[in-house]
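Notes to accompany the following structure.
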Amino acid sequence: MFTSPHPDVEIPDLSVYDTLFGGIAPSDLDRIALRDGTTGAETSYRQLIGQINALAGALAAAGIGVGDVVALHAPNVPAFATVFHGILRAGATATTVNGLYNAEEIEAQLRDAGATMLFTVSPLLPQAWAAASACGIPSDRVVVLDGAEGHASLSDLLLRRLPAPDVSFDPATHVAVLPYSSGTTGRPKGVMLSHRNLVANVQQSIPQLGMVADDRILAVLPFFHIYGMTVLLNLALSRRASLVTMPRFDLAEFLRIIQDFRCSYVFIAPPIAVALAKHPLVDEFDLSSVHTIFSGAAPLDATLGRAVEERLGCRMRQGYGMTELSPVSHAIAFQAEGASLDSVGTTLPNMQCRIVDPETGAEVDYPAEGSDEESAAGELLCAGPNVMLGYLGNEEATRETLEDDGFLHTGDIATVRGDGTVRIIERLKELIKYHGYQVAPAELEALLLGHPAIADAAVIGVLDDEGQEVPKAFVVLQPGQDVTAEALMAWVTERVAPHKKIRRVAFVDAIPKSASGKILRKDLRAAEATPAGS
Ligand code: 4UU
(Lines give C-alpha, C1' and ligand atoms only; values in the text may rest on other atoms or scores of the structure.)
Protein backbone atom coordinates (compact mmCIF):
# COMPACT_ATOMS: atom_id res chain seq x y z
CA MET A 1 0.00 0.00 0.00
CA PHE A 2 1.01 3.64 -0.11
CA THR A 3 0.17 6.24 2.48
CA SER A 4 -0.54 9.92 2.41
CA PRO A 5 2.64 11.97 1.95
CA HIS A 6 1.25 14.44 4.48
CA PRO A 7 1.66 14.25 8.26
CA ASP A 8 -1.34 12.88 10.17
CA VAL A 9 -3.83 15.34 11.59
CA GLU A 10 -5.54 15.02 14.94
CA ILE A 11 -9.17 13.97 14.86
CA PRO A 12 -11.12 15.07 17.92
CA ASP A 13 -13.34 12.45 19.53
CA LEU A 14 -16.34 14.77 19.35
CA SER A 15 -19.68 15.15 17.60
CA VAL A 16 -19.96 17.27 14.46
CA TYR A 17 -21.65 20.04 16.45
CA ASP A 18 -19.03 20.09 19.21
CA THR A 19 -16.18 20.05 16.69
CA LEU A 20 -17.61 22.86 14.57
CA PHE A 21 -19.25 25.10 17.12
CA GLY A 22 -18.31 23.86 20.61
CA GLY A 23 -15.21 25.96 21.04
CA ILE A 24 -16.06 28.92 18.83
CA ALA A 25 -14.04 32.02 19.72
CA PRO A 26 -16.23 34.88 20.96
CA SER A 27 -14.64 37.07 18.30
CA ASP A 28 -16.02 34.78 15.58
CA LEU A 29 -19.63 34.93 16.74
CA ASP A 30 -20.41 38.09 14.84
CA ARG A 31 -18.83 36.91 11.62
CA ILE A 32 -21.29 36.14 8.82
CA ALA A 33 -21.75 32.38 8.43
CA LEU A 34 -24.28 32.52 5.59
CA ARG A 35 -25.39 35.02 3.01
CA ASP A 36 -28.44 34.30 0.90
CA GLY A 37 -27.18 35.01 -2.62
CA THR A 38 -30.74 35.64 -3.82
CA THR A 39 -31.95 38.07 -1.13
CA GLY A 40 -28.68 39.16 0.48
CA ALA A 41 -29.99 38.20 3.97
CA GLU A 42 -27.15 37.52 6.42
CA THR A 43 -26.90 35.00 9.27
CA SER A 44 -24.08 35.41 11.79
CA TYR A 45 -22.39 32.49 13.52
CA ARG A 46 -24.13 33.60 16.74
CA GLN A 47 -27.53 33.43 15.03
CA LEU A 48 -26.76 30.13 13.31
CA ILE A 49 -25.66 28.46 16.55
CA GLY A 50 -28.74 29.84 18.33
CA GLN A 51 -31.00 28.44 15.61
CA ILE A 52 -29.28 25.05 15.57
CA ASN A 53 -29.82 24.70 19.31
CA ALA A 54 -33.41 25.94 19.17
CA LEU A 55 -34.22 23.48 16.41
CA ALA A 56 -32.57 20.63 18.34
CA GLY A 57 -34.76 21.63 21.30
CA ALA A 58 -37.92 21.56 19.18
CA LEU A 59 -36.95 18.19 17.67
CA ALA A 60 -36.36 16.74 21.13
CA ALA A 61 -39.77 18.06 22.25
CA ALA A 62 -41.29 16.27 19.26
CA GLY A 63 -39.66 13.04 20.42
CA ILE A 64 -36.88 13.04 17.85
CA GLY A 65 -33.44 11.98 19.06
CA VAL A 66 -30.83 9.24 18.87
CA GLY A 67 -32.11 6.46 16.61
CA ASP A 68 -34.48 8.64 14.55
CA VAL A 69 -33.94 9.52 10.91
CA VAL A 70 -35.03 12.93 9.64
CA ALA A 71 -35.13 13.73 5.94
CA LEU A 72 -33.92 17.06 4.61
CA HIS A 73 -35.14 17.95 1.12
CA ALA A 74 -34.31 21.52 0.17
CA PRO A 75 -32.21 23.56 -2.23
CA ASN A 76 -29.23 25.59 -0.96
CA VAL A 77 -30.75 28.23 1.29
CA PRO A 78 -29.22 29.42 4.58
CA ALA A 79 -31.87 27.55 6.60
CA PHE A 80 -30.47 24.28 5.22
CA ALA A 81 -27.49 24.74 7.55
CA THR A 82 -29.77 25.28 10.56
CA VAL A 83 -31.82 22.18 9.85
CA PHE A 84 -28.88 19.97 8.94
CA HIS A 85 -26.88 20.82 12.06
CA GLY A 86 -30.05 20.95 14.21
CA ILE A 87 -30.88 17.34 13.31
CA LEU A 88 -27.34 16.21 14.18
CA ARG A 89 -27.34 18.33 17.36
CA ALA A 90 -30.54 16.53 18.48
CA GLY A 91 -28.74 13.20 18.09
CA ALA A 92 -30.86 12.17 15.11
CA THR A 93 -29.60 11.05 11.69
CA ALA A 94 -30.08 13.30 8.65
CA THR A 95 -30.88 11.77 5.29
CA THR A 96 -30.48 14.41 2.61
CA VAL A 97 -32.72 14.13 -0.44
CA ASN A 98 -31.99 15.44 -3.94
CA GLY A 99 -34.25 18.46 -4.57
CA LEU A 100 -34.76 17.31 -8.16
CA TYR A 101 -36.41 14.03 -7.16
CA ASN A 102 -40.01 13.23 -8.06
CA ALA A 103 -42.48 11.83 -5.51
CA GLU A 104 -41.60 8.18 -6.18
CA GLU A 105 -37.87 8.82 -5.84
CA ILE A 106 -38.36 10.70 -2.56
CA GLU A 107 -40.66 7.98 -1.25
CA ALA A 108 -38.10 5.26 -2.04
CA GLN A 109 -35.45 7.09 0.00
CA LEU A 110 -37.78 7.92 2.93
CA ARG A 111 -38.84 4.27 3.17
CA ASP A 112 -35.37 2.83 2.83
CA ALA A 113 -33.90 5.25 5.38
CA GLY A 114 -36.83 4.81 7.76
CA ALA A 115 -37.37 8.57 8.00
CA THR A 116 -40.14 9.66 10.38
CA MET A 117 -39.95 13.40 9.77
CA LEU A 118 -39.25 15.56 6.74
CA PHE A 119 -38.09 19.15 6.19
CA THR A 120 -38.79 20.68 2.78
CA VAL A 121 -39.57 24.03 1.10
CA SER A 122 -42.90 25.21 -0.31
CA PRO A 123 -41.98 24.89 -4.02
CA LEU A 124 -41.07 21.22 -3.44
CA LEU A 125 -43.98 20.48 -1.10
CA PRO A 126 -46.30 18.71 -3.61
CA GLN A 127 -43.85 15.87 -4.31
CA ALA A 128 -42.48 15.87 -0.74
CA TRP A 129 -45.95 15.61 0.79
CA ALA A 130 -47.03 12.91 -1.66
CA ALA A 131 -43.96 10.88 -0.65
CA ALA A 132 -44.28 11.55 3.09
CA SER A 133 -47.96 10.70 3.26
CA ALA A 134 -47.37 7.50 1.27
CA CYS A 135 -44.86 6.55 4.00
CA GLY A 136 -47.28 7.39 6.79
CA ILE A 137 -45.47 10.53 7.95
CA PRO A 138 -48.17 12.84 9.41
CA SER A 139 -48.57 16.45 8.27
CA ASP A 140 -47.22 17.87 11.54
CA ARG A 141 -44.00 15.98 10.87
CA VAL A 142 -43.58 17.62 7.47
CA VAL A 143 -41.98 20.98 8.24
CA VAL A 144 -41.89 23.56 5.45
CA LEU A 145 -38.90 25.87 5.90
CA ASP A 146 -40.67 28.89 4.44
CA GLY A 147 -44.12 27.87 5.70
CA ALA A 148 -47.22 26.38 4.02
CA GLU A 149 -50.84 25.95 5.06
CA GLY A 150 -51.34 22.84 7.19
CA HIS A 151 -47.66 22.38 8.08
CA ALA A 152 -45.29 23.74 10.70
CA SER A 153 -42.71 26.24 9.46
CA LEU A 154 -39.09 26.44 10.59
CA SER A 155 -39.76 29.74 12.35
CA ASP A 156 -42.67 28.15 14.31
CA LEU A 157 -40.17 25.64 15.67
CA LEU A 158 -37.42 28.16 16.34
CA LEU A 159 -39.75 30.62 18.08
CA ARG A 160 -40.43 28.05 20.80
CA ARG A 161 -36.87 28.73 21.96
CA LEU A 162 -36.52 25.34 23.62
CA PRO A 163 -33.07 24.48 24.95
CA ALA A 164 -31.07 21.86 23.06
CA PRO A 165 -31.29 18.43 24.69
CA ASP A 166 -28.42 16.65 26.40
CA VAL A 167 -27.68 13.79 24.06
CA SER A 168 -25.02 11.19 24.39
CA PHE A 169 -23.67 8.89 21.72
CA ASP A 170 -20.36 7.50 20.55
CA PRO A 171 -19.13 9.70 17.67
CA ALA A 172 -17.26 6.74 16.20
CA THR A 173 -20.33 4.55 15.72
CA HIS A 174 -23.33 6.87 15.73
CA VAL A 175 -24.68 7.51 12.23
CA ALA A 176 -24.77 11.28 11.61
CA VAL A 177 -25.94 11.22 8.02
CA LEU A 178 -27.38 8.87 5.44
CA PRO A 179 -26.69 10.26 1.97
CA TYR A 180 -27.62 7.93 -0.90
CA SER A 181 -25.13 6.50 -3.36
CA SER A 182 -25.25 3.56 -5.73
CA GLY A 183 -21.59 2.81 -4.98
CA THR A 184 -19.96 0.37 -7.36
CA THR A 185 -23.17 -1.38 -8.46
CA GLY A 186 -26.97 -1.44 -8.22
CA ARG A 187 -29.49 1.04 -6.89
CA PRO A 188 -28.87 3.94 -4.50
CA LYS A 189 -28.08 2.78 -0.97
CA GLY A 190 -27.98 4.65 2.33
CA VAL A 191 -24.33 5.39 3.15
CA MET A 192 -23.85 5.29 6.93
CA LEU A 193 -21.42 8.05 7.85
CA SER A 194 -20.63 8.51 11.52
CA HIS A 195 -19.92 11.75 13.32
CA ARG A 196 -16.29 10.66 13.37
CA ASN A 197 -16.29 10.13 9.58
CA LEU A 198 -17.51 13.69 9.01
CA VAL A 199 -15.27 15.24 11.66
CA ALA A 200 -12.28 13.35 10.27
CA ASN A 201 -12.88 14.47 6.70
CA VAL A 202 -13.07 18.12 7.79
CA GLN A 203 -9.76 17.82 9.66
CA GLN A 204 -8.13 15.85 6.83
CA SER A 205 -9.19 18.41 4.22
CA ILE A 206 -8.03 21.52 6.07
CA PRO A 207 -4.35 21.36 5.06
CA GLN A 208 -4.96 20.78 1.33
CA LEU A 209 -8.03 22.96 0.77
CA GLY A 210 -6.64 26.05 2.49
CA MET A 211 -9.86 27.88 3.40
CA VAL A 212 -9.65 30.81 5.79
CA ALA A 213 -12.13 32.93 7.74
CA ASP A 214 -11.91 35.78 5.25
CA ASP A 215 -13.01 33.56 2.37
CA ARG A 216 -16.41 34.10 0.86
CA ILE A 217 -17.30 30.74 -0.51
CA LEU A 218 -19.90 30.28 -3.18
CA ALA A 219 -22.29 27.49 -2.19
CA VAL A 220 -23.77 26.43 -5.51
CA LEU A 221 -22.92 22.73 -5.18
CA PRO A 222 -25.94 21.15 -3.53
CA PHE A 223 -25.72 20.69 0.24
CA PHE A 224 -27.64 17.40 -0.02
CA HIS A 225 -24.73 15.78 -1.89
CA ILE A 226 -21.68 14.79 0.12
CA TYR A 227 -19.37 17.27 -1.69
CA GLY A 228 -21.44 20.29 -0.63
CA MET A 229 -22.22 18.76 2.74
CA THR A 230 -18.63 18.23 3.86
CA VAL A 231 -16.75 20.93 1.99
CA LEU A 232 -19.33 23.72 2.41
CA LEU A 233 -21.60 22.99 5.38
CA ASN A 234 -18.88 21.44 7.54
CA LEU A 235 -15.41 22.50 6.40
CA ALA A 236 -16.19 26.11 5.44
CA LEU A 237 -18.16 26.69 8.64
CA SER A 238 -15.37 25.11 10.71
CA ARG A 239 -13.00 27.71 9.20
CA ARG A 240 -15.48 30.53 10.07
CA ALA A 241 -15.68 31.47 6.40
CA SER A 242 -18.87 32.88 4.84
CA LEU A 243 -21.06 30.75 2.60
CA VAL A 244 -22.96 32.56 -0.14
CA THR A 245 -25.89 30.33 -1.04
CA MET A 246 -27.37 29.77 -4.49
CA PRO A 247 -30.45 27.53 -4.77
CA ARG A 248 -29.88 26.34 -8.36
CA PHE A 249 -27.28 26.82 -11.06
CA ASP A 250 -27.90 29.51 -13.64
CA LEU A 251 -24.80 30.91 -15.33
CA ALA A 252 -25.79 34.60 -15.27
CA GLU A 253 -26.94 34.41 -11.65
CA PHE A 254 -23.79 32.46 -10.70
CA LEU A 255 -21.59 35.18 -12.21
CA ARG A 256 -23.67 37.98 -10.68
CA ILE A 257 -23.43 36.47 -7.20
CA ILE A 258 -19.65 36.02 -7.46
CA GLN A 259 -19.36 39.67 -8.55
CA ASP A 260 -21.84 41.23 -6.10
CA PHE A 261 -20.72 39.25 -3.05
CA ARG A 262 -17.02 39.33 -3.99
CA CYS A 263 -16.73 35.54 -3.65
CA SER A 264 -13.13 34.35 -3.26
CA TYR A 265 -13.34 30.55 -3.35
CA VAL A 266 -15.70 28.72 -5.69
CA PHE A 267 -16.37 24.97 -5.58
CA ILE A 268 -17.73 23.50 -8.79
CA ALA A 269 -18.21 20.35 -10.83
CA PRO A 270 -16.66 20.13 -14.33
CA PRO A 271 -19.67 21.31 -16.41
CA ILE A 272 -19.35 24.73 -14.74
CA ALA A 273 -15.68 24.79 -15.77
CA VAL A 274 -16.83 24.34 -19.39
CA ALA A 275 -19.03 27.44 -19.06
CA LEU A 276 -16.29 29.43 -17.31
CA ALA A 277 -13.78 28.60 -20.04
CA LYS A 278 -16.04 29.15 -23.03
CA HIS A 279 -19.17 31.21 -22.40
CA PRO A 280 -19.16 34.85 -23.63
CA LEU A 281 -21.24 35.97 -20.60
CA VAL A 282 -18.20 35.45 -18.36
CA ASP A 283 -16.57 38.60 -19.76
CA GLU A 284 -19.47 40.76 -18.64
CA PHE A 285 -18.83 40.30 -14.92
CA ASP A 286 -16.08 41.37 -12.54
CA LEU A 287 -14.74 38.10 -11.16
CA SER A 288 -11.51 39.58 -9.80
CA SER A 289 -12.40 38.57 -6.22
CA VAL A 290 -11.94 34.87 -7.06
CA HIS A 291 -8.59 33.42 -5.97
CA THR A 292 -9.43 29.72 -6.37
CA ILE A 293 -11.81 27.49 -8.27
CA PHE A 294 -11.95 23.92 -7.06
CA SER A 295 -13.49 21.16 -9.16
CA GLY A 296 -14.58 17.70 -8.12
CA ALA A 297 -17.25 15.00 -8.56
CA ALA A 298 -16.22 14.08 -12.13
CA PRO A 299 -13.02 14.26 -14.21
CA LEU A 300 -11.75 17.74 -15.02
CA ASP A 301 -9.96 18.06 -18.35
CA ALA A 302 -6.53 19.59 -17.61
CA THR A 303 -6.58 21.88 -20.69
CA LEU A 304 -10.03 23.12 -19.75
CA GLY A 305 -8.85 23.75 -16.20
CA ARG A 306 -5.89 25.80 -17.48
CA ALA A 307 -8.22 27.80 -19.73
CA VAL A 308 -10.33 28.71 -16.68
CA GLU A 309 -7.23 29.71 -14.72
CA GLU A 310 -6.06 31.98 -17.52
CA ARG A 311 -9.42 33.53 -18.26
CA LEU A 312 -10.21 34.32 -14.62
CA GLY A 313 -6.66 34.92 -13.42
CA CYS A 314 -7.14 32.55 -10.50
CA ARG A 315 -5.83 29.16 -9.41
CA MET A 316 -7.65 26.02 -10.43
CA ARG A 317 -7.59 22.95 -8.22
CA GLN A 318 -9.10 19.50 -8.36
CA GLY A 319 -10.15 16.98 -5.75
CA TYR A 320 -11.45 13.46 -5.87
CA GLY A 321 -13.90 11.87 -3.55
CA MET A 322 -16.77 9.51 -3.09
CA THR A 323 -19.81 9.54 -0.81
CA GLU A 324 -18.51 6.41 0.92
CA LEU A 325 -15.30 8.33 1.80
CA SER A 326 -17.15 11.25 3.43
CA PRO A 327 -16.09 12.16 0.60
CA VAL A 328 -12.63 13.71 0.06
CA SER A 329 -9.67 11.34 -0.33
CA HIS A 330 -7.44 13.24 -2.79
CA ALA A 331 -6.82 16.87 -3.60
CA ILE A 332 -4.30 19.06 -5.35
CA ALA A 333 -3.00 21.21 -2.54
CA PHE A 334 -4.10 24.81 -2.51
CA GLN A 335 -0.46 25.79 -1.91
CA ALA A 336 0.99 23.74 -4.81
CA GLU A 337 1.79 26.58 -7.21
CA GLY A 338 1.90 25.48 -10.81
CA ALA A 339 0.53 22.03 -9.95
CA SER A 340 -0.45 20.00 -12.96
CA LEU A 341 -4.19 19.46 -13.35
CA ASP A 342 -3.78 16.01 -14.89
CA SER A 343 -4.05 14.39 -11.45
CA VAL A 344 -6.42 14.61 -8.50
CA GLY A 345 -3.46 15.47 -6.26
CA THR A 346 -2.14 13.65 -3.25
CA THR A 347 -3.80 11.39 -0.71
CA LEU A 348 -5.27 13.18 2.29
CA PRO A 349 -3.64 12.79 5.72
CA ASN A 350 -4.46 9.71 7.85
CA MET A 351 -5.25 7.66 4.72
CA GLN A 352 -3.75 4.62 3.03
CA CYS A 353 -4.38 3.49 -0.54
CA ARG A 354 -3.85 0.42 -2.65
CA ILE A 355 -3.99 -0.01 -6.41
CA VAL A 356 -4.94 -3.53 -7.45
CA ASP A 357 -5.59 -5.45 -10.64
CA PRO A 358 -9.40 -5.58 -10.78
CA GLU A 359 -9.35 -9.10 -12.22
CA THR A 360 -6.79 -10.80 -10.00
CA GLY A 361 -6.71 -8.52 -6.95
CA ALA A 362 -2.91 -8.42 -7.20
CA GLU A 363 -1.39 -5.16 -6.02
CA VAL A 364 0.68 -3.16 -8.50
CA ASP A 365 4.30 -2.12 -7.84
CA TYR A 366 4.62 1.43 -6.62
CA PRO A 367 7.29 3.78 -7.98
CA ALA A 368 10.09 4.83 -5.65
CA GLU A 369 9.23 7.90 -3.61
CA GLY A 370 10.28 11.05 -5.42
CA SER A 371 10.84 9.29 -8.76
CA ASP A 372 9.17 10.43 -12.00
CA GLU A 373 7.70 7.01 -12.57
CA GLU A 374 4.05 6.06 -12.58
CA SER A 375 2.56 2.79 -11.39
CA ALA A 376 0.47 0.49 -13.55
CA ALA A 377 -3.26 1.26 -13.52
CA GLY A 378 -5.62 -0.65 -11.28
CA GLU A 379 -8.59 -0.23 -8.99
CA LEU A 380 -8.04 2.33 -6.24
CA LEU A 381 -8.83 1.19 -2.70
CA CYS A 382 -8.78 3.59 0.24
CA ALA A 383 -8.64 3.21 4.01
CA GLY A 384 -8.82 5.82 6.75
CA PRO A 385 -11.04 7.41 9.40
CA ASN A 386 -13.34 8.83 6.69
CA VAL A 387 -14.38 5.41 5.33
CA MET A 388 -18.12 4.79 5.84
CA LEU A 389 -19.48 2.38 8.43
CA GLY A 390 -21.36 0.51 5.67
CA TYR A 391 -24.57 0.57 3.62
CA LEU A 392 -27.79 0.73 5.60
CA GLY A 393 -29.55 -2.63 5.70
CA ASN A 394 -27.40 -4.07 2.93
CA GLU A 395 -24.68 -6.30 4.32
CA GLU A 396 -24.05 -7.90 0.96
CA ALA A 397 -23.23 -4.58 -0.72
CA THR A 398 -21.16 -3.58 2.31
CA ARG A 399 -19.16 -6.80 2.13
CA GLU A 400 -18.56 -6.36 -1.60
CA THR A 401 -17.32 -2.79 -1.15
CA LEU A 402 -15.45 -2.85 2.14
CA GLU A 403 -12.62 -5.28 2.81
CA ASP A 404 -12.17 -6.72 6.32
CA ASP A 405 -8.96 -4.72 6.69
CA GLY A 406 -10.84 -1.45 6.18
CA PHE A 407 -10.01 -0.79 2.52
CA LEU A 408 -12.91 0.48 0.43
CA HIS A 409 -13.27 -0.32 -3.27
CA THR A 410 -13.74 2.96 -5.14
CA GLY A 411 -14.63 1.33 -8.46
CA ASP A 412 -12.26 3.79 -10.15
CA ILE A 413 -9.11 2.90 -12.07
CA ALA A 414 -6.08 4.94 -11.01
CA THR A 415 -2.30 5.19 -11.02
CA VAL A 416 0.10 6.75 -8.52
CA ARG A 417 3.33 8.55 -9.34
CA GLY A 418 6.56 8.82 -7.40
CA ASP A 419 5.55 12.27 -6.17
CA GLY A 420 2.44 10.77 -4.55
CA THR A 421 -0.05 12.24 -7.04
CA VAL A 422 -2.91 9.99 -8.09
CA ARG A 423 -4.40 10.00 -11.56
CA ILE A 424 -7.93 8.72 -12.19
CA ILE A 425 -7.85 6.92 -15.54
CA GLU A 426 -11.42 5.70 -15.91
CA ARG A 427 -14.43 4.44 -14.07
CA LEU A 428 -14.67 0.70 -13.62
CA LYS A 429 -18.04 0.74 -11.84
CA GLU A 430 -21.34 1.22 -13.65
CA LEU A 431 -22.15 4.61 -12.06
CA ILE A 432 -22.80 7.53 -14.43
CA LYS A 433 -22.17 11.13 -13.43
CA TYR A 434 -24.43 13.70 -15.10
CA HIS A 435 -23.19 17.20 -14.17
CA GLY A 436 -21.62 15.59 -11.09
CA TYR A 437 -24.95 14.06 -10.00
CA GLN A 438 -25.14 10.29 -9.60
CA VAL A 439 -27.19 8.31 -12.09
CA ALA A 440 -27.49 4.59 -11.34
CA PRO A 441 -27.81 2.55 -14.57
CA ALA A 442 -29.52 -0.26 -12.64
CA GLU A 443 -32.40 2.07 -11.82
CA LEU A 444 -32.89 3.19 -15.44
CA GLU A 445 -32.54 -0.36 -16.76
CA ALA A 446 -35.28 -1.57 -14.40
CA LEU A 447 -37.49 1.31 -15.52
CA LEU A 448 -36.89 0.63 -19.23
CA LEU A 449 -37.72 -3.06 -18.77
CA GLY A 450 -41.14 -1.92 -17.56
CA HIS A 451 -41.85 -0.32 -20.96
CA PRO A 452 -44.24 -2.54 -22.95
CA ALA A 453 -42.21 -2.34 -26.18
CA ILE A 454 -38.84 -3.16 -24.59
CA ALA A 455 -37.41 -6.67 -24.34
CA ASP A 456 -34.01 -5.79 -22.87
CA ALA A 457 -31.99 -2.67 -22.04
CA ALA A 458 -28.63 -1.47 -20.77
CA VAL A 459 -27.51 2.03 -19.81
CA ILE A 460 -23.98 3.45 -19.81
CA GLY A 461 -22.39 6.90 -19.73
CA VAL A 462 -21.13 8.38 -23.00
CA LEU A 463 -19.44 11.73 -23.65
CA ASP A 464 -21.28 14.62 -25.29
CA ASP A 465 -19.69 17.28 -27.51
CA GLU A 466 -18.34 19.14 -24.45
CA GLY A 467 -16.71 15.97 -23.12
CA GLN A 468 -19.30 15.65 -20.34
CA GLU A 469 -20.93 12.35 -19.46
CA VAL A 470 -24.59 11.69 -20.38
CA PRO A 471 -26.74 8.56 -19.95
CA LYS A 472 -27.25 6.47 -23.09
CA ALA A 473 -29.64 3.52 -23.39
CA PHE A 474 -29.12 0.46 -25.57
CA VAL A 475 -32.54 -1.01 -26.22
CA VAL A 476 -33.76 -4.30 -27.65
CA LEU A 477 -37.39 -4.04 -28.81
CA GLN A 478 -40.00 -6.77 -28.42
CA PRO A 479 -40.70 -8.52 -31.73
CA GLY A 480 -43.11 -6.51 -33.87
CA GLN A 481 -42.83 -3.39 -31.67
CA ASP A 482 -41.89 -0.01 -33.00
CA VAL A 483 -41.06 3.05 -30.93
CA THR A 484 -38.88 6.05 -31.70
CA ALA A 485 -35.87 7.15 -29.66
CA GLU A 486 -37.66 10.45 -28.97
CA ALA A 487 -40.78 8.70 -27.66
CA LEU A 488 -38.66 6.48 -25.41
CA MET A 489 -36.69 9.42 -24.01
CA ALA A 490 -39.93 11.33 -23.35
CA TRP A 491 -41.39 8.29 -21.58
CA VAL A 492 -38.37 8.08 -19.26
CA THR A 493 -38.34 11.85 -18.68
CA GLU A 494 -41.86 11.66 -17.24
CA ARG A 495 -40.72 9.12 -14.69
CA VAL A 496 -37.35 10.32 -13.35
CA ALA A 497 -35.58 13.40 -11.97
CA PRO A 498 -34.13 15.57 -14.79
CA HIS A 499 -30.50 14.53 -14.23
CA LYS A 500 -31.47 10.88 -14.85
CA LYS A 501 -32.96 11.55 -18.29
CA ILE A 502 -31.80 9.24 -21.06
CA ARG A 503 -30.13 11.58 -23.56
CA ARG A 504 -29.10 9.07 -26.26
CA VAL A 505 -30.75 5.87 -27.48
CA ALA A 506 -29.43 3.08 -29.70
CA PHE A 507 -31.62 0.21 -30.86
CA VAL A 508 -29.67 -3.05 -30.86
CA ASP A 509 -30.38 -6.73 -31.51
CA ALA A 510 -29.01 -7.96 -28.21
CA ILE A 511 -27.37 -6.68 -25.01
CA PRO A 512 -23.90 -8.22 -24.53
CA LYS A 513 -23.96 -10.34 -21.36
CA SER A 514 -21.63 -12.62 -19.45
CA ALA A 515 -22.44 -16.29 -18.89
CA SER A 516 -23.95 -15.35 -15.53
CA GLY A 517 -26.23 -12.79 -17.19
CA LYS A 518 -24.35 -9.65 -16.17
CA ILE A 519 -24.42 -6.78 -18.67
CA LEU A 520 -20.98 -6.45 -20.29
CA ARG A 521 -20.75 -2.68 -19.97
CA LYS A 522 -17.12 -2.79 -21.03
CA ASP A 523 -18.19 -4.12 -24.44
CA LEU A 524 -20.82 -1.41 -24.81
CA ARG A 525 -18.28 1.25 -23.86
CA ALA A 526 -15.68 -0.16 -26.24
CA ALA A 527 -18.18 -0.18 -29.12
CA GLU A 528 -19.03 3.42 -28.23
CA ALA A 529 -15.35 4.47 -28.30
CA THR A 530 -14.88 2.97 -31.79
CA PRO A 531 -16.52 5.13 -34.46
CA ALA A 532 -19.08 3.20 -36.52
CA GLY A 533 -17.69 1.74 -39.73
CA SER A 534 -14.06 1.71 -38.55
C1 4UU B 1 -12.68 11.76 -11.71
O2 4UU B 1 -18.81 13.04 -6.38
C3 4UU B 1 -18.54 12.69 -5.26
C4 4UU B 1 -17.58 13.43 -4.43
C5 4UU B 1 -16.84 14.40 -5.00
C6 4UU B 1 -15.86 15.24 -4.37
C7 4UU B 1 -16.04 15.77 -3.16
C8 4UU B 1 -15.10 16.60 -2.54
C9 4UU B 1 -14.75 15.57 -5.03
C10 4UU B 1 -13.71 16.40 -4.49
C11 4UU B 1 -13.92 16.94 -3.19
O12 4UU B 1 -13.07 17.67 -2.66
O13 4UU B 1 -19.11 11.59 -4.69
P14 4UU B 1 -20.05 10.56 -5.43
O15 4UU B 1 -20.20 9.45 -4.48
O16 4UU B 1 -21.29 11.22 -5.91
O17 4UU B 1 -19.28 10.07 -6.72
C18 4UU B 1 -18.05 9.41 -6.59
C19 4UU B 1 -17.44 9.14 -7.95
C20 4UU B 1 -16.03 8.63 -7.88
O21 4UU B 1 -15.99 7.25 -7.54
C22 4UU B 1 -15.52 8.92 -9.27
O23 4UU B 1 -15.97 7.96 -10.18
O24 4UU B 1 -17.34 10.34 -8.72
C25 4UU B 1 -16.19 10.26 -9.57
N26 4UU B 1 -15.28 11.36 -9.27
C27 4UU B 1 -14.23 11.72 -10.04
N28 4UU B 1 -13.74 11.18 -11.16
C29 4UU B 1 -15.33 12.21 -8.22
N30 4UU B 1 -14.35 13.13 -8.31
C31 4UU B 1 -13.65 12.86 -9.44
C32 4UU B 1 -12.52 13.44 -10.08
N33 4UU B 1 -12.07 12.86 -11.22
N34 4UU B 1 -11.91 14.53 -9.63
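So here's what we get for this one:
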read-out: Average Cα contact separation per residue, the chain, under 8 Å, 6 or more apart, as relative contact order %; value: 13 percent
read-out: Once exposed loop GluC sites (Glu not before Pro) are cut out (DSSP; at most 16 other Cβ, 10 Å), longest piece of the chain; value: 150-336
read-out: Positive dipole terminus of the range 455-529, leading residue within Ala506, Ile460, Ser516 (C-beta point charges); value: Ser516
read-out: Inter-part distance where the range 392-448 and the range 315-335 are each reduced to a Cα centre, Å; value: 15 Å
read-out: Dipole moment magnitude, nearest 20 debye, the range 350-404 about Cα centre, only Lys, Arg, Asp, Glu C-beta charged; value: 320 debye
read-out: Part-to-part distance (alpha-carbon centres) for the range 152-166 and the range 10-72, which is given in Å; value: 13 Å
read-out: The range 317-400: C-alpha gyration tensor shape, a/c 1.5 cut-off, then a/b vs b/c; value: oblate
read-out: Student exercise, the range 1-43 dipole from Lys, Arg, Asp, Glu Cβ charges, in Debye to nearest 20; value: 160 debye
read-out: Farthest toward positive dipole pole in the chain [+1 Lys/Arg, -1 Asp/Glu at C-beta], among Phe407, Val496, Pro26; value: Pro26
read-out: Prolate/oblate/rounded label for the chain (Cα gyration tensor, a/c 1.5); value: rounded
read-out: Dipole axis of the range 231-320 (+1 Lys, Arg; -1 Asp, Glu on Cβ), positive-most option in Pro280, Tyr320, Leu300; value: Tyr320
read-out: Sequence-distant lysines (8 or more away, or on other chains) whose Cα lies within less than 27 Å of Lys189; value: Lys429, Lys433, Lys472, Lys500, Lys501, Lys513, Lys518, Lys522
read-out: Coil-residue chymotrypsin sites (Phe, Trp or Tyr not before Pro) of the range 316-406, DSSP, other Cβ within 10 Å capped at 11; value: none
read-out: Heavy-atom SASA rank of Asp30, Asp372 (probe 1.4 Å, accessible area, largest first); value: Asp372, Asp30
read-out: Cα-based shape type of the range 71-115, given that a ≥ b ≥ c are square roots of the gyration tensor eigenvalues and the cut on a/c is 1.5; value: oblate
read-out: Dipole magnitude of the chain about its Cα centre (Cβ charges: Lys, Arg +1; Asp, Glu -1), debye to nearest 20; value: 1040 debye
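The values are calculated or read from the model by the stated rules, or taken from the named source; none is laboratory data. Nothing here was measured: the structure is a model prediction, and the numbers come from that model. Glycine gets a Cβ as well: all are built from the backbone with ideal geometry, and neighbour counts include every protein chain shown. Just the protein is used for accessible areas: all its heavy atoms, side chains included, with ligands, DNA and RNA removed. Shrake-Rupley method; radii C 1.70, N 1.55, O 1.52, S 1.80 Å.
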